[in-house]
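Encoded as structure tokens, the structure appears first; notes follow it.
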Amino acid sequence: MRPGEPSRTAQWVAFARGLAQYEAPAIAQDPLAIELLGSWYAGGLRAAALAPAATRLLMRVGDTVTGGRSRFMAYRTRVLDDVVSEAAAKGIDQLVILGAGLDARAWRLGDSVAGMDVFEVDHPDTQVYKRERLGDRPPDARSVVFVGVDFEHDALDAKLLAAGFDARRPAVVLWEGVVMYLPAEAIDATLRTLCGLLAPGSRLAISYSRTGEGSGAWLRTALGVVVAAAGEVFRHHEEPAAMRARVEKAGFAVLWDEGHPDWAPRYCHRDQPWDVQRIVLAERTGEVGGEGA
Ligand SMILES: C[S@@+](CC[C@H](N)C(=O)[O-])C[C@H]1O[C@@H](n2cnc3c(N)ncnc32)[C@H](O)[C@@H]1O
């Protein structure tokens, strides 16, 4: 990230899911994307809201840039929205969003978050921008606290506890679109910290990017160049077996690991054969047997 500037990739992914909501059937909804995004991004979304032809054109541009994978941000957002709803239904009342960017769940998920205390954890520079855009908009959530953290340098547990996180109550933790920008050591340290902090019954969902062997390799390289030009560097890609081992080693029990082949038929039947991004959902069980946990 560029010092003093909000994350560019946070704006890109907000634009991508904001755009996808204007397709029919929509994979995910993010009506706040327009308000959280400035400049031409908001203009593009306004055009898409008014004219299906604009939506199709912008989607086609996205597909050209990403080799047909323009909807993966919308898919992962939808899957994680469902993870939050399921956690709420189980009575979990704390939501921690790691690397929140322009995530608007605390303002758009209605009843799912109405009984939740939300902790938005992100790089402080991105939070400054987001808070300016939000103004004094009231959240749907019971409460929202912004916790400034750099995963590579700060103690996540101390910052969360200082912000009012209750380690005795289970939480649902989302880590969406972030670990690809972190070194493995920072991912492992954060996982160990979370396992030590979270109460049994807590859930952790991580979206991650595969190594992109074969047909996906050129895409990863091309996107990596674009992302690096924006001051954010891809540093971590992983295959499902390795991600599962990483999460289990930290002390979590993996509940499932899914990707596009699972989501496309479930959410909209649109052909999306690529399996570049996946989500692993894990639980903090009562037993902590992982090394280093
Ligand atoms: C691609 S955006 C994803 C934002 C959001 N989770 C979403 O899906 O809309 C990546 C986010 O990771 C955050 N980030 C990247 N490196 C970070 C670090 N070292 N510490 C804290 N946050 C970081 C950025 O500020 C940004 O909000």
Pairs, first of a type in the set (Ser, Thr, Tyr) in region 87-113, second assigned to a helix (DSSP H, G or I) and surrounded by 21 or more Cβ atoms within 10 Å (Cβ to Cβ), C-beta under 7 Å, six or more apart: SER112/VAL84
Residues satisfying the stated conditions in region 19-59, i.e. assigned to a helix (DSSP H, G or I), more than 10 Å from the ligand (Cβ to nearest atom) and surrounded by 18 or more Cβ atoms within 10 Å (Cβ to Cβ): LEU19, ALA20, ILE34, TYR41, GLY44, LEU45, ALA48, THR55, LEU58, MET59
Being away from the ligand (no atom under 15 Å from the Cβ), outside any helix (DSSP H, G or I) and either in contact with a Cys (Cβ under 6 Å, 6 or more places away or on another chain) or more than 18 Å from GLY115 (Cα to Cα) (or both): is that true of ASP136 here? yes
Quick one: would you say ILE97 is assigned by TED's automatic domain parsing to the domain that holds SER143, over 17 Å from the mean Cα position of the chain (by Cα) and either outside any helix (DSSP H, G or I) or crowded, with 23+ Cβ neighbours inside 10 Å (or both)? no
Residue set PHE72, PHE151, PHE119; condition closer than 20 Å to ILE206 by Cβ, away from the ligand (no atom under 12 Å from the Cβ) and of a type in the set (A, V, I, L, M, F, W, C); output residue PHE119
From GLY224, GLY214, GLY201, GLY135, which residue is surrounded by fewer than 20 Cβ atoms within 10 Å (Cβ to Cβ), at pLDDT 95 or above and not hydroxyl-bearing (Ser, Thr, Tyr)? GLY201
Taking only pairs six or more apart or across chains, which ones have beta-carbon atoms under 6 Å, a first residue in region 180-199 that is more than 14 Å from the ligand (Cβ to nearest atom), and a second residue that is part of a helix (DSSP H, G or I)? LEU197/ASP157
Within region 187-199, is there a residue that is part of a loop (DSSP other than H, G, I, E, B) and either in contact with a helix residue (DSSP H, G or I) (Cβ under 8 Å, 6 or more places away or on another chain) or not assigned by TED's automatic domain parsing to the domain that holds ASP122 (or both)? no
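Here is a yes/no grid of residues against (1) within 17 Å of the chain's Cα centre (by Cα); (2) not in a loop (DSSP other than H, G, I, E, B):
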site	(1), (2)
HIS237	yes, no
ALA241	no, yes
ARG244	no, yes
ASP257	yes, yes
PRO261	no, yes
Scan of region 227-239 for residues that are modelled with pLDDT of 90 or more and surrounded by fewer than 16 Cβ atoms within 10 Å (Cβ to Cβ), ordered by number: GLU239
Kindly indicate which of ALA242, ALA264 is more than 16 Å from the ligand (Cβ to nearest atom) and modelled with pLDDT of 90 or more. ALA242
Scan region 154-179 for residues that are in contact (Cβ under 8 Å) with a residue 60 or more places away in the chain, more than 9 Å from the ligand (Cβ to nearest atom) and part of a loop (DSSP other than H, G, I, E, B) and report the count. 5
Looking at (1) within 30 Å of VAL172 (Cα to Cα); (2) crowded, with 20+ Cβ neighbours inside 10 Å, can you tell me which one ARG8 breaks? (2)
Within region 200-211, can you find the residues that are assigned to a loop (DSSP other than H, G, I, E, B) and within 12 Å of ILE279 (Cβ to Cβ)? ARG210
Any hit, region 47-57, residues being touching a residue at least 40 places away in the same chain (Cβ under 8 Å) and either under 26 Å from TYR181 (Cα atoms) or charged (D, E, K, R) (or both): no
Residues that are small (Gly, Ala, Ser) and more than 18 Å from SER209 (Cβ to Cβ), drawn from region 230-256: GLY231, ALA250, GLY251, ALA253
Which members of region 251-267 meet the condition of being surrounded by fewer than 16 Cβ atoms within 10 Å (Cβ to Cβ) and farther than 26 Å from LEU194 by Cβ? PRO261, PRO265, ARG266
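The values are calculated or read from the model by the stated rules, or taken from the named source; none is laboratory data. Keep in mind that this is a model prediction, so the values were computed, not measured. Note that each Cβ is placed from the backbone with ideal geometry, even for glycine, and that neighbours are counted across all protein chains shown.
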